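Asks: This structure is in structure tokens; I'll ask about it shortly.
Every number here is computed from the coordinates shown, using simple stated rules; none is lab data. All of these numbers come straight from a predicted model, not from anything done at the bench. Don't worry about glycine lacking a Cβ; one is built from the backbone with ideal geometry, like all the others, and counts go over all protein chains shown.
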Ligand SMILES: [Zn+2]
């Protein structure tokens with residue numbers, strides 16, 4: 001299943017007491033448009049250069065470390081880290097950014113047009129410390145720090161047009177893509193325009209290859225598919241971003257649009273957001 005969602009996912013705020021201080025942690029995830037797109041057409045491949053950056057900017061890490069030292073004391077950094085990890089069930093490391101610059105080739109597709117858009121999952125962490133003073137006799141000092149983490153999770157949205165007008169071949173006419181098939185290859189999620197075939201399978205065109213997805217259960221139309229992939233047939237960029245090194249893989253693919261279920265999630269998370277605001281106004285009212 002693909003990891004892609006639209007909008008934001010909020011986690012927290014989580015509250016803890018570390019040393020003598022009250023600490024609030026929250027995190028918000030979103031897919032950032034990497035502002036990279038690439039179009040390949042019948043008989044016209046493309047070269048795509050991309051600087052992949054993963055981690056947190058050095059100066060953000062430095063100012064975060066000074067923030068923790070000033071508010072909690074450097075001896076508490078380990079308990080802050082384990083508190084965050086316990087609440088999010090995810091590793092929390094202040095990994096410095098690493099940038100890898102690469103050029104990838106997209107060979108020309110058999111026919112038609114394919115356009116690729118690239119996204120990267122980013123996590124914005126926020127930590128607020130309510131520093132107690134004079135054993136509660138003086139008003140607490142409230143300070144916050146934030147960190148933007150560029151994760152190694154990427155997403156590609158591929159649009160396909162088999163009836164591209166720029167195509168030099170005799171015009172084929174069909175109704176266009178039937179739906180968007182979603183699947184995950186390692187760290188890379190994919191959302192690809194797909195075409196319905198007569199045998200109820202779906203075909204997706206990635207680069208010069210056409211992949212076929214078969215329904216998991218042909219008797220029920222639940223939008224769940226299985227698709228074998230020869231990973232070397234994928235464009236180099238996909239190979240690089242997925243981190244997959246296996247030759248043959250089989251993915252679970254779905255027609256389910258998570259953008260729709262996210263709407264419901266955003267509503268339910270709206271309460272979380274207002275909790276954050278309530279928390280903030282609660283903190284402000286104490287000032
Ligand atoms: Zn063509």
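Asks: Taking the Cβ-Cβ separation of residue 16 and residue 151 as r and a Förster radius of 22 Å, what is the calculated FRET efficiency to the nearest 0.05? Walk me through the numbers before you get to the answer.
Replies: Values: r = 24 Å, r/R0 = 1.08.
After rounding to 0.05, the efficiency reads 0.40.
Asks: Sticking with this one: Taking 0.36 nm per intervening residue step and subtracting the Cα-Cα distance, what contour gain separates residue 81 from residue 131 on full extension?
Replies: Computed gain between residue 81 and residue 131 is 16.2 nm.
Asks: Mean separation of Cα pairs under 8 Å and 6+ residues apart, divided by the residue count of the chain: what relative contact order is that in percent? All intermediate terms of the calculation are to be shown ahead of the outcome.
Replies: Values: 596 pairs, mean separation 57.8, N = 287.
The normalised contact order for the chain reaches 20 percent.
Asks: Compute the helix-to-body angle for 58-71: its Cα long axis versus the longest principal axis of the chain, expressed 0 to 90° and rounded to tens.
Replies: With rounding to tens, the tilt is 30 degrees.
Asks: Here is a follow-up. What is the distance in Å between the Cα centres of segment 231-254 and segment 106-149?
Replies: Their Cα centres are 28 Å away from one another.
Asks: Rounded to the nearest 0.05, what FRET efficiency do residue 214 and residue 44 give with R0 = 22 Å and r taken as the Cβ-Cβ distance? Could you check?
Replies: On the way: r = 31 Å, r/R0 = 1.42.
Computed FRET efficiency for residue 214 and residue 44 comes out at 0.10.
Asks: For the chain, what does -39500 (n - 2.57) per DSSP helix run (n ≥ 4), summed and divided by total residues, give at 222 nm, in deg cm²/dmol to the nearest 500? Write down the numbers at each step before the final one.
Replies: On the way: 4 runs with 61 residues, N = 287.
After summing the helix terms and dividing by residue count, I get -7000 deg cm²/dmol.
Asks: Now, a different point. Describe numerically, in nm with one decimal, the distance between label points set 7 Å from Cα along Cα→Cβ at residue 115 and at residue 89.
Replies: About 3.9 nm, to one decimal.
Asks: Taking just the alpha-carbon atoms of the chain, what radius of gyration and Dmax come out, in angstrom?
Replies: 23.6, 83
Asks: Only Cα pairs under 8 Å and at least 6 apart count here; give the relative contact order of segment 1-124 as a rounded whole percent.
Replies: Working: 186 pairs, mean separation 51.3, N = 124.
Once normalised by length, the contact order is 41 percent.
Asks: Could you line up 209, 10 from fewest to most neighbouring Cβ atoms inside 10 Å? Intermediate values should be presented prior to the final figure.
Replies: Working: 209 16, 10 20.
Ranking 209, 10 by Cβ neighbours within 10 Å, fewest first, gives 209, 10.
Asks: Across the Cα atoms of segment 1-82, what radius of gyration and what greatest pairwise Cα-Cα distance (Dmax) are found, in Å?
Replies: 20.0, 67
Asks: Moving on. Can you give the extra length, in nm with one decimal, that the chain gains between residue 108 and residue 179 once fully stretched, where that is 0.36 nm per residue apart less the Cα-Cα distance? If you can, show how the numbers build up before the last one.
Replies: Details: separation 71, 0.36 × 71 = 25.56 nm, distance 2.29 nm.
Stretched out fully, the residue 108 to residue 179 stretch lengthens by 23.3 nm.
Asks: Bins of 10 Å, beginning at zero and ending with the bin holding the largest distance: percent of Cα pairs per bin for segment 129-168, please.
Replies: 19, 18, 14, 14, 12, 9, 8, 5
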